[in-house]
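Just below is one structure, and these are the notes that go with it.
What follows is calculated from the coordinates using simple rules that are stated; it is not laboratory data. Quantities reported herein were computed from a predicted structural model and do not represent experimental measurements. Note that we place each Cβ from the backbone using ideal geometry, even for glycine, and neighbour counts take in every protein chain shown.
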Amino acid sequence: MNINIQVPKYEQFRAFYVFFIISTMQLGVGMIGTPRLVFQKAGHDGWMSIILVYFFLLLVLFTMLYILKQYENADILGIQADLFGNFLAKVLGTIYIIYFGSEILSILVTYIEIVKVFIFPDSSSFILGLMIITLIVYSCIGGLRIIIGVTFIFFLLTHWVILLLPVPMAQIDWLNFLPVMDRGIIDIIKGTVSTSYTFMGFEIFFFLYPFIQNKKKVKQPIVWGVSYSVFLVLLITVTTIGFLSPEQLRRRIWPALHLFKIQTSPFLERLDYIVVAEWMMVTLPNMMLLMWGITYTAKRLYKIPTKATLYITAGLLLASVSLFNSHFEIQRLTDTVKSGGIFITYIYPFILLPLVLIKKKWRKKKKEPINDANE
């Protein structure tokens, strides 16, 4: 397996779009329930947990970027081949495929559950899943640049929802945040861990890096992307904790949606219907990028054609959707993905870093060029 890859110019994209990729991957279905999860662990000091996770996210992403910069134009698959050899690299790459597939499934079934609870309670999970998966497949056939274009457009089309927040913000009871630092540092750290599922997804950067044209300018979009997504989650969390009573927060699975439920307009009684429908444009780019990661990895490791992987994965996802009919089953799946994601997304880069530096030092002594991994 080639460690460094040559990417045709027509498949490359500018570093500017990394901002939209990072922020989009972190603003999915997870943020709807984040206020409740953070409140359960850290109470009304949960906003501190989100500020703490911001600095940790930057540390993880800068570690990933530093690892990638040690190579000419490598992705995580090539780096693993360089460090562990082709066999272990294929094993680890297969784990990424399974993880990405599980992550897509968790996003898909969670969004379908939200649609069934708020809009269409009698709708079929299979039919809803078929419609969403069809859109994913259609976009992925167009290639990476089409997916990034969709991500960019959907980002612009959905963030008008922020303009609805001033209404609940005006009704915040600031006494809900007192006394400050009522919880200890352990609870605040637990609150930080509870946000891990929400902020997952940026591990796709390990795969996208070789496709970036102007790599020297990628650091700033990373910082702005993480800053924007964390700011939105912080804003929604603070508004939710201040607007809802502690008892209401504990009872509502998706408390962020209730911020929009109180709002009406002259032509629509329930704006939360619009928000739930709009949220499909938030979750779709997540699933598209993860699906691209699956097809790209399968082609790079096993030379499997992109369309074959795409159709097989889509079929497996569609078959799996109907297996998750209750909230507890969906929550169990989400918890499983979260547990795996904590290691793959947040811990694994710190394991790779010393190995990459040792390999780099050893290669300098041997004066060995970086080309193909040893068979």
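Note on segment 105-260: dipole from Cβ charges, positive end direction compared against Leu178, Leu128, Gly225; the farthest Cα belongs to Gly225. Summing Cβ point charges (Lys, Arg +1; Asp, Glu -1) relative to the Cα centre of the chain gives a dipole of roughly 1480 debye.
A convex hull fitted to the Cα coordinates of segment 150-256 yields 153 cubic angstrom per residue.
Applying the Karplus relation 6.51 cos²θ - 1.76 cosθ + 1.60 with θ = phi - 60° to segment 3-13 yields 3J(HN,Hα) values of 6, 8, 10, 9, 9, x, 4, 6, 9, 7, 9 Hz, where x marks Gly and Pro. Between Pro246, Pro121, Pro221, the residue with the greatest mean-square fluctuation in the GNM of the chain (Cα pairs under 10 Å linked by springs) is Pro121.
Estimated from helical segments only, the mean residue ellipticity of the chain at 222 nm is -22000 deg cm²/dmol, where each DSSP H run of four or more residues counts as -39500 (n - 2.57). Centroid-to-centroid, using Cα positions, segment 5-50 and segment 83-100 are 24 Å apart.
So what is the relative contact order of the chain, in percent, for Cα pairs below 8 Å that sit 6 or more residues apart? Relative contact order for the chain comes out at 41 percent. Mean Kyte-Doolittle of at least 0.5 and a Cα length of 18 Å or more along the axis: which whole DSSP H helices of the chain meet both? Correct list, ordered by number: 46-69, 86-118, 125-141, 144-158, 219-243, 280-302, 306-321. Here, segment 69-138 is characterised by an Rg to Rh ratio of 1.23, where Rg is the alpha-carbon radius of gyration and Rh the Kirkwood radius. Here segment 157-200 and segment 320-352 have alpha carbon centers that stand 22 Å from each other. The Cβ shell under 15 Å around Thr34 holds other residues with a net charge of +4, Lys and Arg each +1, Asp and Glu each -1.
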